[in-house]
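Beneath this line is the structure, given in structure tokens, with notes to follow.
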Amino acid sequence: MPTQNSSTESLFSFVMADKGGKRIGAFLDKMNNIVPWKEIGNELSPVLYDGHLGRPGFPVHILIKALFLELWFGLSDPELEEQILDRVSFQRFLEVKDRTDIPDETTVCRFRTKLVELGAEKELFEVVSEMIDDSGHRINKGTIVDATIVDAPKGRKRDDGTNTKDQDAGFTKKGGRHFHGYKIHIASDVSGRFVKETVITSATVQDRSVFDELTKKETKAVFADKAYVSRKKKKEFREKGIFWGVLDKNERYHKLSGKQNKDNNQKSSVRCHVEHIFAWMKKTMKMRGIRFRGLKNNTFHLTMICAAYNLRRLASVIKEV
């Protein structure tokens with residue numbers, strides 16, 4: 001005979017089942033089905049909380065889910081708390097039964113700070129990458145390399161002569177415009193479905209400087225725009241039997257031939273797929289500006305955005321769960 005508690009939970013599940021927006025609800029339900037949240041939480045728990053520090057007031061996997069909600073929908077900590085209170089789909093995703101099950105903004109902030117201190121973004125990104133590989137939906141026919149700038153506030157001068165700007169952010173010039181912030185460098189598969197590697201730097205760092213790190217595992221083909229042109233790399237990759245798909249560019253006294261222009265067009269038809277990733281991150285996930293200060297904090301945040309993007313793409317290519 002069911003207990004009163006189990007009966008209440010069953011009634012709650014029945015009432016909540018058809019509530020909330022269908023599109024977002026379906027996405028979050030799929031995320032609950034395909035991601036082993038509890039297993040991820042169990043693996044992180046011993047690292048995050050030892051016997052001396054105590055345990056959090058919420059299960060670790062619930063706090064991880066809360067962070068991914070922020071990333072998927074471009075929310076701040078206060079906005080997340082407000083949205084959970086307001087949206088049935090968020091409550092169902094976080095297994096909320098009453099208001100005491102909702103993590104407040106301070107709890108989420110402290111949890112993120114702990115993850116940043118541990119550099120946990122690398123492990124979480126790899127967990128998602130392994131899920132993609134296991135699903136069989138990654139197309140391993142080559143790598144596209146690209147980077148985009150994420151703006152950071154330039155700061156203001158204080159009365160004592162110091163400045164409030166982020167000291168880890170840097171200035172750069174692109175297309176005749178000046179930017180201040182960070183760069184997110186990524187390597188994606190040739191279909192532009194998933195991010196394979198990511199490196200976060202100051203905006204002053206040249207794109208080519210992280211090329212080797214992003215392509216170290218590639219054995220078939222590499223595609224990139226003219227910012228990555230290198231005769232030395234071109235020779236190295238061709239000697240390894242790796243197709244060099246980096247666009248050629250005009251030199252000072254030598255314009256591109258008709259064949260080079262044609263080759264560039266063919267390479268661009270592949271390379272352009274990476275632009276869809278950045279467009280999605282900036283438009284849907286609201287990665288238009290830096291939210292945090294310091295390279296360490298932003299390495300965590302921007303790497304996690306890539307992990308969240310990968311999960312969202314995985315949900316879109318898995319038809320049935």
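Since every read-out is calculated from the coordinates, none of them should be taken as a lab result. The shown structure was predicted, so the numbers you read here are calculated from the model rather than taken from an experiment. FYI the Cβ positions are ideal-geometry reconstructions off the backbone, even for glycines, and counts take in every protein chain you see.
Take every pair of alpha-carbon atoms less than 8 Å apart whose residues are at least six positions apart; their mean separation over the length of the chain yields a relative contact order of 19 percent. Working note: Cα atoms of region 138-292, range along each principal axis, descending, whole Å: 59, 42, 25. Put a plus charge on the Cβ of each Lys and Arg, a minus charge on the Cβ of each Asp and Glu, and nothing anywhere else: the dipole of region 191-321 about its Cα centre is then about 180 debye.
Which pairs in the list LYS154/LYS283; LYS157/LYS283; LYS65/LYS114; LYS174/LYS249; LYS173/LYS217 are over 20 Å apart, alpha-carbon to alpha-carbon? If you can, show how the numbers build up before the last one.
On the way: LYS154/LYS283 22 Å; LYS157/LYS283 31 Å; LYS65/LYS114 15 Å; LYS174/LYS249 17 Å; LYS173/LYS217 30 Å.
In this structure, LYS154/LYS283; LYS157/LYS283; LYS173/LYS217 lie more than 20 Å apart at Cα.
Counted by neighbouring Cβ atoms within 10 Å, the residues CYS306, CYS109 run from fewest to most as CYS109, CYS306. Restriction of the trypsin sites (Lys or Arg not before Pro) in region 67-122 to DSSP coil positions whose beta-carbon has at most 15 other beta-carbons within 10 angstrom yields LYS97. Taking the longest Cα principal axis of the chain as reference, the axis of helix 105-118 is set at about 50 degrees. Going from the fewest other Cβ atoms within 10 Å to the most, the residues HIS276, HIS185 appear in the order HIS276, HIS185. Given +1 at the Cβ of Lys and Arg, -1 at the Cβ of Asp and Glu and no other charges, the dipole of the chain around its Cα centre is 2100 debye to the nearest 20.
Tell me the angle of helix 121-135 to the major Cα principal axis of the chain, expressed in degrees between 0 and 90 and rounded to the nearest ten. Compared with the principal axis, the helix lies near 90 degrees.
Going from the fewest other Cβ atoms within 10 Å to the most, the residues HIS61, HIS254 appear in the order HIS254, HIS61.
Divide by every residue of the chain the summed helix terms, -39500 (n - 2.57) for each DSSP H run of at least 4, and state the resulting mean residue ellipticity at 222 nm, rounded to the nearest 500 deg cm²/dmol.
Working: 13 runs with 159 residues, N = 321.
Calculated mean residue ellipticity at 222 nm is -15500 deg cm²/dmol.
The C-alpha atoms of the chain define a longest principal axis, and helix 273-283 lies at about 50 degrees to it. In the distance distribution for the chain, Cα-Cα pairs more than 26 Å apart total 54 percent.
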